[in-house]
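The values are calculated or read from the model by the stated rules, or taken from the named source; none is laboratory data. Just so it is clear, the model here is predicted, and its values are computed rather than measured. Note: ideal-geometry Cβ built from the backbone for every residue, glycine included; neighbour counts use all protein chains shown.
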Amino acid sequence: MIEFKDVSLVYPNGTQGLKNINLQINPGEFVVVVGLSGAGKSTLIRSINRLVKPTGGDLLIDNENILNYGSRELRKLRTKVGMIFQNYNLVKRSSVMKNVISGRLGHTGTLRSMFNLYPKEDLALAYRSLERVNIADKLYQRSDQLSGGQQQRVAIARVLTQQPNIILADEPVASLDPPTSHQVMTYLRKVNKEDNITTIVNLHFIDMAMEYADRIIGMRAGEVVYDGPVSDVNEATFEEIYGRKIRDEDRVGGSEDE
Amino acid sequence: MTEFTLPPKPKKTPWQKMRPYIIGIILLAIYIWTFTSIEIRWSRVFSQHTIESLTRVIPQLFSPDWSAFGKVMGLMWETLLMAYTGTLMAAILAIPFGFFAARNMVRNKFLNTASKWALNAIRAFPELVLALMFVAAVGPRPFAGVIAIAIGSIGMLGKLYSEVIESIDMNVVEALEANGANKLQVLVYGIIPQIIPEFLSYAIYRFEIDVRASTILGIIGAGGIGTLITIATTNRNWSEVGLILLVIIVVVTLIDIISAQIRKRLV
Amino acid sequence: MSKTNQPTLQGISSNKTKLRISAIFIIIVGFYLFTSIKTESSLLDLWNGKNGFINIAQSLFPPHWSYASTVMPQLIETLHMAIIATTVAALISIPISLLSAANLFPNPFIHQPVRFIMNVLRTIPDILLALIFVGIFGVGVFPGIMALIIFSLGLLAKLLYETIESIDMNPIEAIRASGGNTLQVITYAVMPQVLPQFVSFGLYVFEVNVRASLVLGFVGAGGIGLLLNQQVSWANYPNVMTIIIIIFISVVIIDYISNKIRERLI
Ligand SMILES: Nc1ncnc2c1ncn2[C@@H]1O[C@H](COP(=O)(O)OP(=O)(O)OP(=O)(O)O)[C@@H](O)[C@H]1O
Ligand SMILES: [Mg+2]
């Protein structure tokens, strides 16, 4: 369980990233965070694995305040929290397998990992993760030879190899075309349901948020301005969150095709 | 869990399979050859003598002998003058080489290749080797150093110039030719304006290199502060060497900074 | 710049520009005349100097080929010095360049001092380093190798940290986010991105070291330079020519091979 208790974050330059956030996210939930650009979605998500450090309040994961963690505990936390990025963040010159196995780094000794000495189970796990996102045939290809959607699937496989309890995805489909976006979201959703992994996704397309989320959190200017199950959400809710009329560009269009 | 094996890696050609081994063996052979035949006299390196020198040389190096400051600065000035003369000579003499080597200027394959080869040949020699020859020819004085610097710099500047010339916008040249401009007019109005900033920038950059090079030419008698280095080291006057070192570091750094500033404004 | 830009016709470039260019030109040429007098540089001297270049040029031919058998072992020693120095410098420069990369170690108290030391090292001529090391360790190849290591370290570390600073930071963030430690970030996210350039720069520095090691013998720091210096001072020009030809051929071959490998790397 993830609990934000009055969490605030002020960036060193004085920008208020988060303002008194109070949230409780239950195990296995699929949460979509929406809000205009600059609303603080990334800041919220990146606080959970402490890529940014909140400056006030308590952030509890499984009843431990992660804001007190030192670097060793932090690394341990991060092995349990997978992250997916807008730009896939693969090492482009390395093979797909090497990228996926790097999900095990936190579980593997430094020396072993430097010499590529992974236990058989880890390799098997990496391969199965690739199979789950249907990209096992690209195993030995260089990552920069894959399409954007394929790279994002590799990134999901990397996160699965981590065997996380939580997956954070910061605009995972913002660089993809509509059909590919749906494909990637479908995989995220599938993983969430099959492994009961708490999943928090930032999106800015409202139709996509409606289609995949269990629960929607709306943000504006660093504050949570909406929080509720997707069944309660309609266009008016988004207009409230965004503080303006819904436009065409807020929808991705297209739908799942696979 | 059942026994797991990753799918086989994609088939490689025999050459691809062998390549890492071949490279490995070649590297190993080179290193074995190197380390078995190099003759380092470890007994001298780790001798009492070394310890004594270390305890004498190092502290002296770090306590520069300021009484020699005037003398050192005088010779550093001479060093800069040598570098300046050499670079400027080269900056001008390299121009014809650059044009001859540029394929879009001289449409004669033989001349292009010949001048490229000449420029490459010059660059194969370290300045100090050139300087040694010129010391033999004109005697041990700054002029020998200047000539060595000039010739060494022609090698590099000529090559860079030719690359600049080959990259100019030929449409301008064609337009002028179409307007009936003669060769000289094309040169003055079409080509020179395009190449001047880069030529200057490279010449200034080369001056940086030449300043470094001229500091040591004196070691073989070709003038500049190097002359003093030889004298000071043979006399084991390490605190004077320390001062020379300090002056070289400061002057070279300053020149690099100034030159970088000027070049930034040029291009 | 004047605020009002009245288009008065006064030739293609403004008077101000013309004046400035002329002034710069006069300064450059004037300073040149001054420096050539100071350094007693008159091209005529090339012909009728002490021995006259033409005289020497004539006595260089024909080269004394049988002398080559004396030169070869020295040439090989020179190459070995360059190989050892490049290898050691490459190994040391890896941690140093990582420490000087601002994107990996944003704390200026780490990367600034390292960079400063490397900048200073680069300004010291290798042969001066060799002289100092000869003073400490006595004549031989060891001081020469030491000098080459220190000089090329400065050069290599600079080339490498500039490469590291230009890498894609995204994979680094990903590895950090999945719980990797600094060493794992370096081996998984930094090294794969920079390795080809590392090897390429290593080869380039090897070329530089070969040229540098040719002359270290002038100050007793090993290699072929000793012979060259000797033969020139004994005015044994056919032998000098032999050495020069051998140097020339080996430098050309090494540059060629090194360039071919570097072309395939990137
Ligand atoms: N490293 C930083 N330093 C200073 N301010 C920052 C930093 N990162 C984000 N901010 C500021 O914090 C606020 C929230 O940014 P955040 O990146 O969380 O927004 P976002 O909702 O993810 O927007 P987008 O949809 O554009 O990604 C913005 O005003 C932003 O300018
Ligand atoms: Mg964002």
(request) Run down A:Arg104, A:Arg46 and say which single residue is within 13 Å of chain C (Cβ to nearest Cβ), crowded, with 18+ Cβ neighbours inside 10 Å and within 16 Å of ligand 1 (Cβ to nearest atom). (result) A:Arg46
(request) Please determine, by comparing only the residues of the stretch B:213-231 that are without any contact (Cβ under 8 Å) to a residue 60 or more places away in the chain and hydrophobic (A, V, I, L, M, F, W, C), which one is farthest from the other protein chains (Cβ to nearest Cβ). (result) B:Ile231
(message) Condition check: farther than 27 Å from B:Phe143 by Cα, modelled with pLDDT under 90 and of a type outside the set (S, T, N, Q). Does B:Met105 satisfy that?
(response) yes
(message) Give me the residue from the stretch B:233-248 that is of a type outside the set (A, V, I, L, M) and either closer than 19 Å to B:Arg212 by Cβ or assigned to a loop (DSSP other than H, G, I, E, B) (or both) and, out of that set, nearest to the other protein chains (Cβ to nearest Cβ).
(response) B:Thr233
(request) Residues that are within 14 Å of chain A (Cβ to nearest Cβ): find the helices (runs of 4 or more DSSP H) completely inside the stretch B:1-87 holding 1 or more of those. (result) B:14-37
(message) Take residues that are farther than 30 Å from A:Gly103 by Cα and tell me which of the helices (runs of 4 or more DSSP H) falling wholly in the stretch C:102-192 contain 2 or more.
(response) C:108-123, C:126-137, C:141-165
(message) Here is a check on your reading of the model: is A:Ser113 crowded, with 18+ Cβ neighbours inside 10 Å and free of Cβ contacts under 8 Å to residues at least 12 places away in the same chain?
(response) yes
(message) Consider the stretch A:71-93. How many of its residues are within 16 Å of ligand 2 (Cβ to nearest atom) and either among the aromatic types (Phe, Trp, Tyr) or at negative phi (or both)?
(response) 6
(message) If A:Gly149 satisfies all but one of (1) buried (at least 23 other Cβ atoms within 10 Å of the Cβ); (2) away from ligand 1 (no atom under 16 Å from the Cβ), what's the number of the condition it fails?
(response) (1)
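Conditions (1) in contact with a helix residue (DSSP H, G or I) (Cβ under 9 Å, 6 or more places away or on another chain); (2) in a loop (DSSP other than H, G, I, E, B), marked per residue:
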{"site": "A:Ile167", "(1), (2)": "yes, no"}
{"site": "A:Ser175", "(1), (2)": "yes, yes"}
{"site": "A:Met185", "(1), (2)": "yes, no"}
{"site": "A:Lys190", "(1), (2)": "yes, no"}
{"site": "A:Val201", "(1), (2)": "yes, no"}
{"site": "A:Ala209", "(1), (2)": "yes, no"}
{"site": "A:Gly218", "(1), (2)": "yes, no"}
{"site": "A:Phe238", "(1), (2)": "yes, no"}
{"site": "A:Glu249", "(1), (2)": "no, no"}
(request) Sort out which residues of the stretch C:175-194 are touching a residue at least 12 places away in the same chain (Cβ under 8 Å) and within 7 Å of chain A (Cβ to nearest Cβ), and write them in order of number. (result) C:Ile175, C:Tyr188, C:Ala189, C:Gln193
(request) Taking the options C:Ile261, C:Ile247, name whichever one is on the phi < 0 side of the Ramachandran plot, surrounded by fewer than 20 Cβ atoms within 10 Å (Cβ to Cβ) and within 11 Å of another protein chain (Cβ to nearest Cβ). (result) C:Ile261
(message) Just the residues that are within 13 Å of another protein chain (Cβ to nearest Cβ) and more than 16 Å from ligand 2 (Cβ to nearest atom), please, taken from the stretch A:166-194.
(response) A:Ile166, A:Ile167
(message) Give all pairs with beta carbons closer than 7 Å in which a residue from the stretch B:125-136 that is at the interface with another protein chain (Cβ under 7 Å from one of its Cβ atoms) meets a residue that is outside any helix (DSSP H, G or I); count only pairs at least 6 apart in sequence or on separate chains.
(response) B:Ala136/C:Asn51
(message) Given the options A:Leu74, A:Leu123, A:Leu67, A:Leu60, name the one that is in contact with a Gly (Cβ under 9 Å, 6 or more places away or on another chain), away from chain C (no Cβ under 14 Å) and more than 16 Å from ligand 1 (Cβ to nearest atom).
(response) A:Leu67
(message) Checking the condition buried (at least 21 other Cβ atoms within 10 Å of the Cβ) and within 16 Å of ligand 1 (Cβ to nearest atom), which residue from A:Leu130, A:Leu168, A:Leu160 passes?
(response) A:Leu168
(message) So, in the stretch A:231-254, how many residues would count as being in contact (Cβ under 8 Å) with a residue 12 or more places away in the chain and within 24 Å of the chain's Cα centre (by Cα)?
(response) 10
